[in-house]
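Presented below is the structure to which this report refers.
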């Protein structure tokens, strides 16, 4: 009997190029915890401007033939303003690179998994202090994610949907008071990850670190 040929389309791929090592480590945790084998994370360590990061992402998009490419920005680390992001949008679109950002940095995204700030926060130290009240060893330094915070993504994952709701509430509050670009733009990136990588069930991993009892 002639064998029936099974046509299986290859999984589409996604690339995230980050402005900081902390962002890179966080998304790498996500890749590992969720077993997203078609997600690649790259820290653009030598990039000095948004345009530099977009250029790196664009080059990698062509080289790796990625289906979806994102640049993740932490505004404080890059010393950039919302206006800089607005100005870079057309260049990003031209290069087929999507932009995600946190103002002032990725630690705001962690915090939004747990609460909605009542006022706009521009000082990372304030966010760091709030997170220390929940994770006693927390620090915004990349070394945290390599040591005491190596399971941070697992701890936050269960609140992912709440983070999206909290980000929407916080963006509305911040824009009403500051009248600028929303401080958090992560939801579309998460949607793309789900679209290309699928929904993740990391209950088993959470059990391994004592987060689940059954």
Starting at 0 and stepping by 10 Å, how many percent of the alpha carbon pairs of segment 150-190 end up in each bin? 29, 44, 22, 5
If I model a spin label at residue 93 and residue 81 as a point 7 Å from the Cα along the Cα→Cβ vector, what separation in nanometres do I get? 2.2 nm
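Let me know the Kirkwood hydrodynamic radius for segment 27-95, please, with Cα pairs as the basis and the value in Å to one decimal. Intermediate values should be presented prior to the final figure.
On the way: mean 1/r = 0.0763 Å⁻¹.
When all Cα pairs of segment 27-95 are included, the Kirkwood radius is 13.1 Å.
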222 nm mean residue ellipticity, helices alone, for the chain (DSSP H n ≥ 4; -39,500 (n - 2.57); rounded to 500): -14500 deg cm²/dmol
Per-residue Cβ neighbour rank within 10 angstrom, fewest leading, 113, 84: 84, 113
Expected sort for 147-158, 175-186 on mean C-beta neighbours within 10 Å, highest first, is 147-158, 175-186
Considering all projection directions equally, how large on average is the shadow of the alpha-carbon convex hull of segment 14-208, in square nanometres? 10.3 nm²
Measuring from label point to label point, each 7 Å out along Cα→Cβ, what is the residue 125 to residue 11 span in nm? 4.3 nm
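Read-outs: derived from the displayed coordinates by stated rules, not from any lab. The shown structure was predicted, so the numbers you read here are calculated from the model rather than taken from an experiment. Cβ sites come from the backbone with ideal geometry, for glycine too, and all protein chains shown count toward neighbours.
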